[in-house]
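Have a look at the structure below, then the notes.
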Amino acid sequence: MKKSAVALGLFDGVHKGHKAVIEKMLSSCDETLVPTVFTFDFFKKGGRVITFSDKEKILYDMGVKEIYSPPFSEIKNLSPDEFIEEILIKKMNAEKLFCGENFTFGKDRKGTATYLKEKAESYGVKTVIIPTVNINKKEISSTFMKTLLEEGRIKELNEISEREYSFKLRIEEGKKLGREMGFKTINQRLPQDLCEIRKGVYAVRVKIADELYEGVCNIGVKPTVTDENERFSETHIFGFDKDVYGKEAEIFLVDFIREEKKFGSLEELKKQINADKQTALNIIKTNRKEE
């Protein structure tokens, strides 16, 4: 079994601070070390920032070769010493470890980054602790990302993520009311464990089968046409008229346009969608120039 360099963390959202840890690990690797991430399919209060599958994709795209993510129940009762010896040394064959300065581990989160560094050295394993990353004197964290999503501050979120926030989900068949109004849409059910995203309308990019499109998306509960409280993403893709039910689409949020609201009639809704479409086109055009 080859030796590994391991970046440790929950990495929910994979923001700029997380990337600092992972990129430091990646840069340390040569042909003798496997670039590896230890993480959990687990989320803190308020839900997860991104789905676990989206997290995996981001990590692999960065250059990570192995992701070790055991069920939380299997290791939650391990002491810090047991975690280091049983998981990092024996299971993962770690030669180098990388974590943020706020990293905690072991039962009741009693292990700290400093303790990890001291204990790992007794096994001949080097530990690199990465300082917290701040932007505008604000610590970048998954909690901060959730706040930005809840408030619809998408441009700020994308800045600290260093990418456009996205979710990739299966396209479901809807009630086809958009088609009746001249705005064919794709519908996606948001996972219950995904954190709160401000209900409303967004300018978006959409990727389906490696093709990139532009559009306007409503995230929420469709108050004009249903009394259900389940969250959906409903996206009108500009110039798109293909049957894609059952396929997956990745929705990239470019910016927030307006809050979700209930209209008195479908005609009022149709008029507003026309206005939203033009606003989204303008936002995406401006964003394209900034890039």
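The values are calculated or read from the model by the stated rules, or taken from the named source; none is laboratory data. Keep in mind that this is a model prediction, so the values were computed, not measured. Reconstructed Cβ throughout: ideal geometry from the backbone, glycine too, with neighbour counts over all protein chains shown.
One line per residue, one yes/no per condition, for (1) crowded, with 21+ Cβ neighbours inside 10 Å; (2) part of a loop (DSSP other than H, G, I, E, B); (3) on the phi > 0 side of the Ramachandran plot:
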position: GLU85; (1), (2), (3): no, no, no
position: LYS90; (1), (2), (3): no, no, no
position: CYS99; (1), (2), (3): yes, no, no
position: TYR115; (1), (2), (3): no, no, no
position: ALA120; (1), (2), (3): no, no, no
position: GLY124; (1), (2), (3): no, yes, yes
position: THR132; (1), (2), (3): no, yes, no
Residue in the stretch 98-144 that is farthest from LYS44 (Cα to Cα), counting only those that are touching a strand residue (DSSP E or B) at 6+ places or on another chain (Cβ under 7 Å) and among the aromatic types (Phe, Trp, Tyr)
PHE98
Of all residues in the stretch 167-185, count the ones that are over 15 Å from TYR245 (Cα atoms), at pLDDT 70 or above and not in a loop (DSSP other than H, G, I, E, B).
1
For residues that are farther than 24 Å from LEU8 by Cβ and over 19 Å from the mean Cα position of the chain (by Cα), scanning just the stretch 134-159, find the one that is surrounded by the fewest Cβ atoms within 10 Å (Cβ to Cβ).
LYS137
State whether the residues of the stretch 144-161 include one that is touching a Phe, Trp or Tyr at 6+ places or on another chain (Cβ under 9 Å), under 24 Å from PRO35 (Cβ atoms) and among the β-branched types (Val, Ile, Thr).
yes
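Identify all residues within the stretch 23-61 that are in contact with a helix residue (DSSP H, G or I) (Cβ under 6 Å, 6 or more places away or on another chain) and either more than 25 Å from LYS107 (Cα to Cα) or of a type outside the set (Asp, Glu) (or both); write none if there are none. Before the answer, list the steps.
Let us first name the residues in the stretch 23-61 that are in contact with a helix residue (DSSP H, G or I) (Cβ under 6 Å, 6 or more places away or on another chain), namely 35, 37, 40-42, 46, 49.
PRO35, VAL37, PHE40, PHE42, GLY46, VAL49, listed by residue number.
From the list LEU212, LEU194, which one is surrounded by fewer than 17 Cβ atoms within 10 Å (Cβ to Cβ) and modelled with pLDDT of 95 or more?
Details: LEU194 fails: surrounded by fewer than 17 Cβ atoms within 10 Å (Cβ to Cβ).
Result of the check over LEU212, LEU194: LEU212.
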